[in-house]
1. Only one of these is surrounded by 22 or more Cβ atoms within 10 Å (Cβ to Cβ) and either under 28 Å from the mean Cα position of the chain (by Cα) or farther than 22 Å from F206 by Cβ (or both): V347, V323, V339. Name it.
2. So which helices (runs of 4 or more DSSP H) are wholly in segment 559-649 and hold at least 1 residues that are touching a His at 6+ places or on another chain (Cβ under 8 Å), touching a residue at least 40 places away in the same chain (Cβ under 8 Å) and buried (at least 18 other Cβ atoms within 10 Å of the Cβ)?
3. Report yes if some residue within segment 426-441 is open to solvent by 10 Å² or more (accessible area, probe 1.4 Å), at pLDDT 85 or above and over 17 Å from D336 (Cα atoms); otherwise report no.
4. Evaluate the following for P855: is it open to solvent by 60 Å² or more (accessible area, probe 1.4 Å), at negative phi and assigned to a loop (DSSP other than H, G, I, E, B)?
5. Specify the residue that is nearest to G45 (Cα to Cα); the eligible residues are those in segment 488-531 that are assigned to a helix (DSSP H, G or I) and among the aromatic types (F, W, Y).
6. Go through segment 835-851 residue by residue and tally those that are closer than 20 Å to H714 by Cα and either of a type in the set (G, A, S) or in contact with a Leu (Cβ under 6 Å, 6 or more places away or on another chain) (or both).
7. Taking the options S138, S117, name whichever one is surrounded by fewer than 20 Cβ atoms within 10 Å (Cβ to Cβ), at pLDDT below 90 and among the polar types (S, T, N, Q).
8. Quick check: anything in segment 816-826 under 19 Å from G690 (Cα atoms), at pLDDT 95 or above and assigned to a loop (DSSP other than H, G, I, E, B)?
Amino acid sequence: MSDGFPRRLASRIAIPRALLLLGALGAADLHSVEPDGATFRLLDGLTAFLVNPEGKDFTLALEVRDLNSGATGPGNVVFSELLFKVYAPDGRTLVREVVPDDGIEAPDPLASPGGASPRPVPPGEDTSARLARLPARSFTRRIQGGGPGVYRLLLAGTKDLYVTWRLDPPLPAATASHTGSLHGHGGARRHLLYVPRGARGVYLDFRDEANPGDRRFTLSAPDGRRLFDGLAAELKQAGRYDPTVKLEPEGACDDQLLALVVSAGSADYRMRIAFVHGGLRFYGTGKDGSVSAVLAPDAGTARAVQGGALYHDGQVYWHPFQVKYHDWLKRLPPEDLVVRDAEGREVPLAALPPSEGRGWRYPGLPGREGFLALCGPHIEPPLCDRVLHDYPAHRDRRALNVALRDLFERPAKVGSVDVPRPQGYAADGLRNIAIGDHTAVETFGGNLAYNFGAWGWPYWRAAWRVLRDSEAPAEVKEILREALLLCGDRLAFGRGAEGVAGNALSGLIAALRYSSEATGDPLQEAMFETCLRRFTAEGFGHRTGIGRSGACHETHAYDHHYGTYLLDNFAPVVADLGDRRFQTVMDRTVELYSYTWCRGADANPWSSRTPHSVSEETLKRFGFVWKGDPGPDLTASVQEGDEWFVARRRLYYAVTYHGRLAPPGTGAAGDHRQGYGGGALCQVTVPARGPVIASTLRGYYGEDMELHKWRNFHLHSLVGELEDGRPLVSADSEHFDARLADGTVTSSGRLRGAPFRVRRSYRFQPDRIECAVDLAAESGDAPRVREAFEMLPFLAGAAVLAEPGGGAPAAELTPVPRAARAVIIDRGGYGLRVELEPASLVQRGARDTVLLRAPDAPAPARSIALRYRLVPFAGD
């Protein structure tokens with residue numbers, strides 16, 4: 001798909017010239033990697049802790065190499081910027097820059113194509129050889145005036161980037177991953193891991209890129225006990241939120257060192273190591289979060305860094321701004337956290353019911369209407385969000401103090417009112433920010449969109465209100481601005497798994513909008529503008545963000561339920577900030593749903609994660625009007641995307657889907673699928689009466705929708721079996737040549753599970769739909785087709801009759817095949833006649849389906865073809 005501009009330029013971060021400190025690069029030279037340099041592949045970020053007890057000035061030299069294999073935007077353009085920051089021990093930012101993409105559009109010929117996971121180095125080329133071959137760009141920064149202590153070097157980018165840094169004079173350094181893994185290569189390694197206070201277990205994830213893996217990973221307790229000793233393939237996980245290894249008894253390993261030994265091996269490897277920590281919470285689960293382990297080369301460095309933890313006032317923190325915020329809160333007199341009326345009586349805080357939008361407010365103080373929760377009904381807003389929404393109406397200083405405390409950590413009591421943590425929503429605010437400038441994450445690793453966007457950390461708007469519309473003390477505002485620059489910058493560089501779930505990615509975009517508005521920082525504003533532009537134009541990679549028909553991608557396809565979450569994520573931004581660009585995205589989404597939705601059935605076979613849609617009442621909140629209701633004749637490619645096509649006539653409304661599907665899975669039989677299309681009829685509805693044909697899914701995330709279970713499907717699809725035993729499902733295909741011309745939709749695509757191409761056409765006539773489907777082999781040695789049927793899914797409860805023709809009476813359709821010239825689907829006075837030419841064997845399928853047998857099976861693929869007409873009736 002053509003970009004239409006050079007979109008490479010328009011999709012780059014539009015950084016003001018004065019801020020682009022790493023621009024204006026000369027020609028890249030090929031550099032060798034010195035043995036004393038530390039080299040990592042970014043997966044997708046890391047923090048290096050640099051121990052500098054004397055506070056000496058030092059020089060940091062950085063080399064950046066780009067594989068140019070992934071992170072692809074429109075037109076196969078690769079965007080791999082690098083966030084480069086250095087923090088002083090007291091939290092001051094000494095370096096804050098964005099290294100631009102290298103401008104190379106041609107991918108590395110030896111690199112695998114893009115994808116969410118890094119690919120192995122090709123056989124015969126190890127990492128050192130690859131680094132020697134790739135051009136390097138070099139940058140040098142003098143780090144001055146930071147003072148004594150532990151500095152932090154933060155790097156975040158994409159999996160395409162290899163980064164090497166050197167320090168002059170050398171300083172001891174320890175390293176931690178962010179939400180992803182640390183990349184390892186070369187010979188045997190030994191690391192020491194400092195256990196921060198409060199850790200109750202260790203989450204381990206080792207991936208050896210050799211097949212089979214030959215590296216051994218050994219983790220030992222302080223007393224020498226082996227906590228794990230084996231190959232990567234031998235590692236067994238305890239559960240989604242549970243540690244792989246428990247540290248028992250509780251507290252026994254606090255401030256002690258674990259030893260990790262990685263043996264020599266034949267290939268690169270990845271490690272995700274995190275401490276499951278009782279002081280950190282993952283919002284939305286009520287489970288303990290985790291903090292990335294810091295890997296040190298020796299005991300002295302490990303103890304100096306303390307696992308990245310800061311111990312202060314008996315608490316464990318991770319960033320200097322948290323210590324400053326804690327100290328400010330500590331100075332607040334308790335009375336300053338109790339709201340009182342003019343007579344000195346306490347004004348109690350009250351929890352609101354779902355009917356009033358949930359959250360907390362002071363009913364005894366003036367309030368404001370129009371509160372919209374950041375994620376609609378899906379996530380409960382924190383206390384500070386609703387209190388600060390009402391704050392401009394009363395300007396009560398004590399209410400502001402209550403909100404400021406909640407913005408840091410949720411209190412157990414406000415005045416005389418207990419404030420319980422609702423089940424499943426236990427995260428604290430600013431104190432929950434851990435290593436990597438992100439929230440404490442799930443132990444299985446990271447997706448910043450979930451963990452740190454509006455979903456996992458719904459405090460962004462509250463922080464914006466404090467900075468932009470409150471009388472909070474200047475000291476607090478400065479601390480909060482420091483936090484948002486730290487957090488928002490990192491959020492903008494969520495470039496990996498964040499693109500998979502568009503509903504969460506839209507929450508990331510909304511969060512970054514509030515952060516950049518709050519800070520007023522030009523660089524962060526440029527980061528937001530770039531992220532929004534990429535979100536709306538697949539600039540984070542193909543099949544991410546908003547697709548060409550206006551749908552939000554989920555698992556690289558579309559989901560009819562999760563696709564609406566964007567509306568709840570963007571509506572507050574429009575209401576609070578008046579940003580019409582968000583409204584434009586919402587309008588396109590609602591317009592799409594006005595075509596694809598179905599009253600009376602979840603007619604969305606293409607849905608990539610969930611089997612259901614959303615209620616009509618939910619959509620009407622955003623101005624939804626369904627096109628399936630009676631109206632003038634309509635034939636259209638929905639929003640000109642050539643993925644969905646619709647036709648409305650007096651007696652029918654039809655929707656077909658030809659577009660993207662979630663990538664094939666594996667499953668026990670190797671044929672797991674999350675959604676189907678292939679030009680299928682999603683619905684045929686009789687306007688003002690109801691649906692007759694509706695293609696539906698059976699469960700979540702492809703449950704019971706494996707190809708070999710085709711007999712139990714409820715889809716419009718050519719189905720059957722090949723002579724070699726493989727299933728035949730034409731709906732398992734993407735038709736990128738779909739077109740509408742003269743009232744006829746045509747499309748074709750290759751089946752993903754068989755060596756065939758399917759072709760479909762629909763001619764939308766005033767009183768009928770003329771349908772055709774046929775197969776063609778993709779290779780000369782393709783197997784023959786043993787049996788094939790056109791499956792038509794109808795609504796449960798319909799009477800289905802087979803009409804043999806020649807004046808013979810119609811009879812109930814049964815699982816026993818019989819010859820017929822027509823099949824009648826009657827839903828109580830309205831329905832469809834399926835007219836066959838020529839007559840064909842028909843039978844009833846297992847789950848409310850009509851099966852039209854292909855007349856020539858068994859046969860070569862080229863012989864499989866069916867023609868039929870769908871003639872609606874409404875009994876009027």
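1. Among V347, V323, V339, only V339 is surrounded by 22 or more Cβ atoms within 10 Å (Cβ to Cβ) and either under 28 Å from the mean Cα position of the chain (by Cα) or farther than 22 Å from F206 by Cβ (or both).
2. Helices (runs of 4 or more DSSP H) meeting the threshold: 565-577, 580-596.
3. Yes, that holds for at least one residue.
4. yes
5. F528
6. Number of matching residues: 6.
7. Answer to the selection: S117.
8. no
The values are calculated or read from the model by the stated rules, or taken from the named source; none is laboratory data. None of the values given here were measured: they were computed from a predicted structure. Positions of Cβ are generated from backbone atoms using ideal geometry, with glycine treated the same way; all protein chains shown enter the neighbour counts. Remember, those area values only see protein heavy atoms, side chains included, never the ligands or the DNA or RNA. Shrake-Rupley method; radii C 1.70, N 1.55, O 1.52, S 1.80 Å.
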